[in-house]
Amino acid sequence: MGKTSPHNVFEAYLEQFQSDFSLLLRSRADEIKLGGQMILTFIGRSIKDPTSRDCCLVWELLAKCLLDMAAEVSSLTF
């Protein structure tokens, strides 16, 4: 999928993702004990364009996360 891909390519990727993700959730639901929980982690993007490299800035996202966590810890009173 690229900037010059026709709209139907984006739609095909979306449909495949929806199908695959639904199957993943159904499969995991069969494995979880009654009352159990599942944690999902997703990397998102800050802009709507799916062809941008914005979603690939894993280290920047990790750094922001760590800074947020450090700020939370430093604001706690012991």
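The values are calculated or read from the model by the stated rules, or taken from the named source; none is laboratory data. Just so it is clear, the model here is predicted, and its values are computed rather than measured. Neighbour counts run over all protein chains shown; Cβ positions are idealised from the backbone, glycine included. Remember, those area values only see protein heavy atoms, side chains included, never the ligands or the DNA or RNA. Shrake-Rupley method; radii C 1.70, N 1.55, O 1.52, S 1.80 Å.
I need a count of the residues in the range 48-73 that are outside any loop (DSSP other than H, G, I, E, B) and under 20 Å from the mean Cα position of the chain (by Cα).
Qualifying residue count for the region: 16.
Applying the selection to the range 1-15, what residues are open to solvent by 100 Å² or more (accessible area, probe 1.4 Å) and closer than 22 Å to T41 by Cβ?
Y13, the sole residue that qualifies.
If R45 satisfies every condition in (1) of a type outside the set (F, W, Y); (2) part of a helix (DSSP H, G or I); (3) open to solvent by 70 Å² or more (accessible area, probe 1.4 Å) but one, which is the exception?
Just one mismatch for R45, condition (2).
On the given criteria, is R28 more than 14 Å from the chain's Cα centre (by Cα), of a type in the set (K, R) and either part of a helix (DSSP H, G or I) or within 30 Å of P6 (Cβ to Cβ) (or both)?
yes
Among the residues of the range 21-61, which ones are hydrophobic (A, V, I, L, M, F, W, C) and touching a Lys or Arg at 6+ places or on another chain (Cβ under 7 Å)?
Those that are hydrophobic (A, V, I, L, M, F, W, C) and touching a Lys or Arg at 6+ places or on another chain (Cβ under 7 Å): M38, C55.
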